[in-house]
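Okay, so here's the structure we're looking at.
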Amino acid sequence: MTKKRHWTADHLPDQTDRVCVVTGANSGLGLETTRALARAGGHVIMAVRDEAKGRLAAAGITAEQPGAALEVRRLDLADLDSVRAFADRLRADRPRLDVLVNNAGVMAPPRSVSAQGHELQFACNHLGHFALTGLLLDLLTHGNDPRVVTVSSTNHRQGRLHFDDLSGERTYSPMKFYNQSKFANAVFGQELHRRLTAADSPVRGLLAHPGYTSTNLQTSAPVGMVKVLFGRVLVPLAQPPEQGALPQLYAATAPDAKGGEFIGPDGFGELRGGPTRVRLSTAAADPLTGRRLWELSERLTGVRFPLPAPH
């Protein structure tokens, strides 16, 4: 990656005629990703839980960029019925999809469960994106340089999968289960790459993380000291969302971004900086963990990918 420190949203390749889905597109990283893709000529489908907020965000972009090609569609990733409804509608009116950015997430809320009874962070951050990717994979297969970018976190390195207590019924810690969900994102992204490669698919599967970026992720759901720490004390150290979105934008658009790569900031501790290739934890890269999570996710979501398991 030449001149990686200087890569910005101004370096996005032309996205004219490309169709992109960005989850969590009404604020933070998702909004900045949408803004940059639209500025480069892409048609962006803003997948949002709250359509009113989505329309307000879209209006803000079109005020800056008259003629920006935006659609707002409802998607609640924590509800698998909503995921299926979103995918069904998209499949009904779109012959192809070029980019899927699995960006939306929730961080460190008090324990609650999804409509299907899964712990909320695991349901929203992982299971919803797993199901969405599987349901849209055929559209992506027909795309132009198609890519799936799944957004994880440096916190994946502190996470693990609590297979014996995935929903935290016995012991729940908001940050421990956030870390579990980000670890699941990393494991899924790597396993998706393996399976796409084994199938000789044209789709590239990549991972990205934003470093430490100031968004409402740190303030909308956390409570207690987590909210104080990330929403107040550490805010001066955080980079703005337009900077934090660069790794996922690079993964989604850069010609030299390769399947299986993990893109994050190049600064100290990967907290801030320009996009570069970063290290996936050894645990997240483990093929046995990947297969176990994949099979579990298919069972919990009822979504099966048309991809062979890698040898």
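The values are calculated or read from the model by the stated rules, or taken from the named source; none is laboratory data. Values in this document were obtained by computation on a predicted structure and should not be read as measured data. Reconstructed Cβ throughout: ideal geometry from the backbone, glycine too, with neighbour counts over all protein chains shown.
Can you find even one residue in region 4-19 that is on the phi > 0 side of the Ramachandran plot, charged (D, E, K, R), out of contact with any Cys (no Cβ under 9 Å at 6 or more places or on another chain) and surrounded by fewer than 24 Cβ atoms within 10 Å (Cβ to Cβ)?
yes
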Legend entry - Enumerated helices (runs of 4 or more DSSP H) restricted to region 49-165, each holding at least 1 residues that are of a type in the set (Val, Ile, Thr) and either within 24 Å of GLY205 (Cβ to Cβ) or in contact with a strand residue (DSSP E or B) (Cβ under 6 Å, 6 or more places away or on another chain) (or both): 80-93, 128-141
Legend entry - Tally of residues being buried (at least 21 other Cβ atoms within 10 Å of the Cβ), within 22 Å of SER27 (Cα to Cα) and not aliphatic (A, V, I, L, M) across region 99-146: 12
Legend entry - Matching entry among VAL44, VAL22 (being part of a strand (DSSP E or B), in contact (Cβ under 8 Å) with a residue 60 or more places away in the chain and surrounded by 24 or more Cβ atoms within 10 Å (Cβ to Cβ)): VAL22
Inset, instruction - State whether one or more residues within region 192-200 are β-branched (Val, Ile, Thr), touching a residue at least 24 places away in the same chain (Cβ under 8 Å) and buried (at least 20 other Cβ atoms within 10 Å of the Cβ). - result: no
Legend entry - Residue in region 168-181 that is nearest to ALA123 (Cα to Cα), counting only those that are in contact with a strand residue (DSSP E or B) (Cβ under 9 Å, 6 or more places away or on another chain) and in a helix (DSSP H, G or I): SER181
Legend entry - One residue from LEU280, LEU237, LEU296 being surrounded by fewer than 18 Cβ atoms within 10 Å (Cβ to Cβ), within 22 Å of ARG194 (Cβ to Cβ) and either without any contact (Cβ under 8 Å) to a residue 24 or more places away in the chain or aliphatic (A, V, I, L, M) (or both): LEU296
Legend entry - Selection within region 68-98 - under 14 Å from LEU135 (Cα atoms), buried (at least 21 other Cβ atoms within 10 Å of the Cβ) and over 17 Å from the mean Cα position of the chain (by Cα): LEU90
Legend entry - Criterion: in contact with a Lys or Arg (Cβ under 7 Å, 6 or more places away or on another chain), at pLDDT 95 or above and under 23 Å from ALA36 (Cβ atoms) - qualifying residue of LEU70, LEU139, LEU90: LEU139
